[in-house]
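> Just passing along the structure, written as structure tokens.
The values are calculated or read from the model by the stated rules, or taken from the named source; none is laboratory data. Please read all numbers here as calculations on a predicted model, not as lab measurements. For neighbour counting, all protein chains shown are included, and Cβ atoms are generated from backbone atoms with ideal geometry for every residue, glycine included. Remember, those area values only see protein heavy atoms, side chains included, never the ligands or the DNA or RNA. Shrake-Rupley method; radii C 1.70, N 1.55, O 1.52, S 1.80 Å.
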Amino acid sequence: MAGSKYVCTTSSGKVRRVAVVGGGLAGLMTVIKLCEAGVPVDLFSLVPVKRSHSVCAQGGINASVNTKGEGDSPRVHFEETVLGGDFLAQQPPCLGMAEAAPGIVHLLDRMGVPFNRTPEGLLDFRRFGGTLYHRTAFAGATTGQQLLYALDEQVRRFETQGVEDAQGVAIPGEKMVRKFEFWDFVQLVLDDEGTCRGLVAQDLKSMEIRGFAADAVCLATGGPGIVFGRSTNSTINTGIANAIAYKQGAIYGNGELIQIHPTAIPGADKLRLISESARGEGGRIWVPKDAMDKRDPMQIPEKDRRYFLEDKYPLYKNLVPRDVASRELFKVCYGEKAGIMGRNEVYLDLTHIPEAMLRKKLAGILEIYEKFVGVSPYHNPMKVFPAVHYSMGGMWVDFERDERGSLKHGSPRNHATNITGLYNVGESDYQYHGGNRLGANSLLSTIYGGMVTGPAIASYVDNLDRSAFDLPESLFSKAEKAEQKKYDELASKDGDENPYGLHKELGEMMLRDVTIERHNPVLEKVIEKIGELEERYKNVAVVDSSAKANQAVPFMRHLEGMLILARVIAEGALARNECRGAHYKPDYDDKNKDATHPIGRDDQNWLRSTLAKWGGREGGRSKVEFIREFDYSLAGQRVHVTDQVDISLMALRKRDYTKKKAANAADPTAAPKPAEEAAKA
Ligand SMILES: Cc1cc2nc3c(=O)[nH]c(=O)nc-3n(C[C@H](O)[C@H](O)[C@H](O)COP(=O)(O)OP(=O)(O)OC[C@H]3O[C@@H](n4cnc5c(N)ncnc54)[C@H](O)[C@@H]3O)c2cc1C
């Protein structure tokens with residue numbers, strides 16, 4: 001649509017809108033880009049957008065600005081992202097993301113994000129896992145909050161900006177952004193051809209259910225951490241929106257790839273994160289050499305401590321990628337029973353760092369520890385253990401490559417799902433992080449994703465032959481009625497099962513059996529148990545009968561979605577017989593070892609995405625079909641998709657973080673230089 005002004009009214013004068021579900025960083029950036037293209041937006045969020053889960057992000061956002069003169073570059077950032085993700089990330093979008101990153105951080109800086117600066121006034125950068133470079137820009141340890149508030153301000157500007165018709169005349173009462181906070185997305189409205197034409201949502205205060213026409217819908221609805229009960233995620237992160245779209249035909253990618261963060265505070269209600277930035281600023285992980293050492297940790301001398309990450313990974317030390325670090329912690333605690341006092345805990349120690357520096361750079365997270373544990377992390381090592389943190393998997397989305405192999409900006413295929421007119425971006429999509437996300441790459445992928453998705457949708461809607469706002473009203477009222485009927489049925493359930501109890505059972509099992517180590521016989525039992533929970537779900541009882549602000553019935557709806565996603569995750573884990581990134585199956589660790597398959601690999605799955613398709617229900621139990629290829633249509637074209645990962649930009653290389661630094665090489669995992677290049681060097 002370059003050069004043309006988007007006509008945002010139909011021939012009958014109705015304003016044509018796009019719906020964005022999700023007001024985290026990904027959703028807000030998508031909204032900004034749509035508005036900049038002149039496309040009015042309806043924005044939906046379960047909570048006030050400033051409370052979206054992005055607000056919790058702590059440590060920072062990656063960009064190879066190289067202010068410290070270390071020789072970092074977007075290319076190195078790209079390669080480390082692909083390597084960290086164990087070659088399952090789609091390479092063209094990753095290259096686009098790494099190349100855009102420095103510009104994104106400078107843009108956020110100009111928007112007023114209070115990034116930490118060096119004494120010279122330059123942006124400061126810290127180290128994060130999976131790289132030896134200082135690449136992570138940060139605003140203390142509350143980076144997500146600062147970014148979210150900055151984007152929220154930009155969106156508020158559009159909430160006050162009027163909509164103009166094709167003649168440039170302001171349309172009375174219409175604004176570029178209409179915000180629907182405390183609304184729960186409950187269904188996509190699909191026409192007879194399966195094209196997405198809008199959505200149905202429920203107001204969580206009045207409980208009104210309403211259909212909304214939209215020329216395209218974009219889900220930016222975050223991760224599904226609550227499927228695992230306790231995690232570092234917010235309680236709203238149930239993954240429900242993706243579960244709904246999946247049930248309506250959208251393909252889910254790599255569901256089994258769930259990131260376990262090495263350092264969280266063990267807790268009965270939630271596992272609160274202690275960001276990787278603590279290790280980025282010099283934090284050290286250790287256990288007493290004698291697990292049953294009763295001394296106060298500050299009294300345990302160096303000789304009696306075991307810095308197990310530093311010993312095994314002499315170069316990356318405490319900053320190996322998260323999958324590697326979490327497995328080591330797990331081995332020490334479960335395998336060797338060498339955690340503190342034999343418990344599942346290790347020390348994360350910052351006490352050797354001056355308090356003033358910790359206060360300047362990490363106060364946001366250290367306050368959390370002090371508040372919830374009641375011990376000062378400035379003067380005592382913290383006790384931590386791994387926790388479910390992030391989903392690399394999510395809705396399958398497409399991309400179009402440009403001639404360099406990067407992302408073709410403005411292509412309607414970017415971030416399109418297989419349902420025409422439905423887009424997905426942020427933690428809820430699957431394409432940037434492969435088998436394991438590098439720390440501080442998520443904030444980047446949400447914002448870059450939004451910058452790409454906005455123009456993609458603008459291009460899609462600009463070329464639509466028929467607007468959703470010209471379709472008969474009955475399409476929306478029918479969907480609305482169907483959802484009202486479902487809601488009324490749920491609200492009148494009076495069986496013997498407590499939905500919160502079912503969720504507890506699900507979460508405990510998923511946390512125990514589908515996280516760091518996976519074993520097929522155990523996964524088979526998990527899948528059977530999910531089926532049993534789905535059957536028991538039919539017999540739930542409503543524990544709150546309020547007509548307004550009812551929280552129990554929406555929770556039941558979310559529980560149904562969590563059960564569906566739990567199956568996608570567990571069956572995906574069963575199907576992937578290999579060790580890759582965060583997905584670790586000890587039984588397959590040594591299989592298929594050869595030059596190109598250095599770690600245990602299953603050839604069936606080597607460099608493939610898991611593509612899950614809803615297979616309906618049988619006796620209350622949901623079914624998943626795994627597919628290897630499919631076609632979808634967009635802008636009058638059929639697009640053929642396979643499960644092969646695009647590895648056109650970077651050759652495979654061994655993922656080995658145990659090496660020592662080679663002379664003159666910043667990164668020991670870097671590709672070996674071809675002979676003549678090496679000779680020149
Ligand atoms: C504790 C913590 C710290 C982190 N720190 C970092 C960090 O330092 N650096 C980094 O890169 N990453 C970090 N991450 C990861 C990162 O914060 C998230 O991946 C990212 O913020 C997700 O953004 P998002 O916009 O995709 O989704 P979210 O911010 O989760 O937003 C989702 C939105 O969707 C809405 N929504 C969901 N379902 C519905 C529905 N049914 N109807 C209506 N609205 C709905 C929600 O209301 C919300 O507005 C951290 C994660 C955690 C848990």
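> Given the conditions (1) open to solvent by less than 40 Å² (accessible area, probe 1.4 Å); (2) over 18 Å from residue 52 (Cβ atoms); (3) among the aliphatic types (A, V, I, L, M), and given that residue 190 satisfies all but one, which numbered condition is not satisfied?
All conditions pass for residue 190, except number (1).
> Quick test for you: out of 353, 419, pick the one residue that is closer than 30 Å to residue 289 by Cα, away from the ligand (no atom under 16 Å from the Cβ) and in a loop (DSSP other than H, G, I, E, B). Give the derivation first.
Working: 419 fails: closer than 30 Å to residue 289 by Cα.
That would be 353, the only listed residue that is closer than 30 Å to residue 289 by Cα, away from the ligand (no atom under 16 Å from the Cβ) and in a loop (DSSP other than H, G, I, E, B).
> Could I ask something else about it? Give the residue, chosen from 82, 105, that is within 14 Å of the ligand (Cβ to nearest atom) and either basic (Lys, Arg) or open to solvent by less than 10 Å² (accessible area, probe 1.4 Å) (or both). Step through it out loud before you land on a result.
On the way: 82 fails: within 14 Å of the ligand (Cβ to nearest atom).
From the options 82, 105, the qualifying one is 105.
> I'm told residue 21 meets every condition in (1) on the phi < 0 side of the Ramachandran plot; (2) open to solvent by less than 30 Å² (accessible area, probe 1.4 Å); (3) more than 8 Å from the ligand (Cβ to nearest atom) except one. Can you identify the failing condition by its number?
(3)
> While we're here: Let me spell it out: the conditions are (1) open to solvent by 10 Å² or more (accessible area, probe 1.4 Å); (2) under 28 Å from residue 440 (Cα atoms), and residue 26 meets all of them except one. Which number is the exception?
(1) is the only condition that residue 26 fails.
> If you don't mind, there's one more thing I want to ask. What pairs come out if I take residues in segment 416-430 that are under 17 Å from residue 28 (Cα atoms) and pair them with residues that are more than 13 Å from the ligand (Cβ to nearest atom) and of a type in the set (S, T, N, Q) whose C-beta lies under 6 Å away, six or more apart or interchain?
424/417
> Taking the conditions exactly as written (open to solvent by 40 Å² or more (accessible area, probe 1.4 Å) and at pLDDT below 95), does residue 463 satisfy them or not?
Details: open to solvent by 40 Å² or more (accessible area, probe 1.4 Å): yes; at pLDDT below 95: yes.
Yes; evaluated as a whole, the condition is true for this residue.
> Of everything in segment 235-276, what is more than 15 Å from residue 566 (Cα to Cα), near the ligand (Cβ under 7 Å from one of its atoms) and among the small types (Gly, Ala, Ser)? Give them in sequence order.
Across segment 235-276, the qualifying residue is only 275.
> Could you say which residue among 74, 93 is farther than 30 Å from residue 174 by Cα and surrounded by fewer than 21 Cβ atoms within 10 Å (Cβ to Cβ)? Before the answer, list the steps.
Working: 93 fails: surrounded by fewer than 21 Cβ atoms within 10 Å (Cβ to Cβ).
Just a single option satisfies the conditions, and that option is 74.
> Okay, next question. Considering segment 503-536 alone, what residues qualify as being among the hydrophobic types (A, V, I, L, M, F, W, C) and within 20 Å of residue 271 (Cα to Cα)? Give the derivation first.
Pass one, segment 503-536, residues among the hydrophobic types (A, V, I, L, M, F, W, C): 506, 509-511, 514, 516, 522-523, 526-527, 530, 533.
Those that are among the hydrophobic types (A, V, I, L, M, F, W, C) and within 20 Å of residue 271 (Cα to Cα): 506, 509, 510, 511, 514, 516.
> Just for segment 219-233: of the residues that are hydroxyl-bearing (Ser, Thr, Tyr) and near the ligand (Cβ under 7 Å from one of its atoms), which one is most open to solvent (accessible area, probe 1.4 Å)?
First pass over segment 219-233, keeping only residues hydroxyl-bearing (Ser, Thr, Tyr): 221, 231-232.
Right, trim to near the ligand (Cβ under 7 Å from one of its atoms) and you get 221, 232.
Working: 221: 43, 232: 13 Å².
By that ranking, first place goes to 221.
> Oh, and also: Write out, first by first residue and then by second, each pair whose Cβ atoms fall under 8 Å of each other, whose residues are 6+ apart or on separate chains, and whose first residue, in segment 31-56, is closer than 15 Å to residue 20 by Cα and near the ligand (Cβ under 6 Å from one of its atoms) while the second is open to solvent by less than 20 Å² (accessible area, probe 1.4 Å) and of a type in the set (Asp, Glu).
Filtered contacts from segment 31-56: 46/184; 49/152.
> Give the number of residues within segment 628-646 that are touching a residue at least 40 places away in the same chain (Cβ under 8 Å) and either touching a helix residue (DSSP H, G or I) at 6+ places or on another chain (Cβ under 8 Å) or surrounded by 15 or more Cβ atoms within 10 Å (Cβ to Cβ) (or both). Reasoning before the result, please.
Just the residues of segment 628-646 that are touching a residue at least 40 places away in the same chain (Cβ under 8 Å), to begin with: 630, 632-635, 639, 641, 645-646.
From what is left, the residues that are either touching a helix residue (DSSP H, G or I) at 6+ places or on another chain (Cβ under 8 Å) or surrounded by 15 or more Cβ atoms within 10 Å (Cβ to Cβ) (or both) are 630, 632, 634-635, 639, 641, 645-646.
So the answer is 8.
> Scan 69, 59 and give me the residue that is at pLDDT below 95 and within 12 Å of the ligand (Cβ to nearest atom). Please lay out each step first, then the result.
Numbers: 69 fails: within 12 Å of the ligand (Cβ to nearest atom).
Result: 59 is the single residue among 69, 59 that is at pLDDT below 95 and within 12 Å of the ligand (Cβ to nearest atom).
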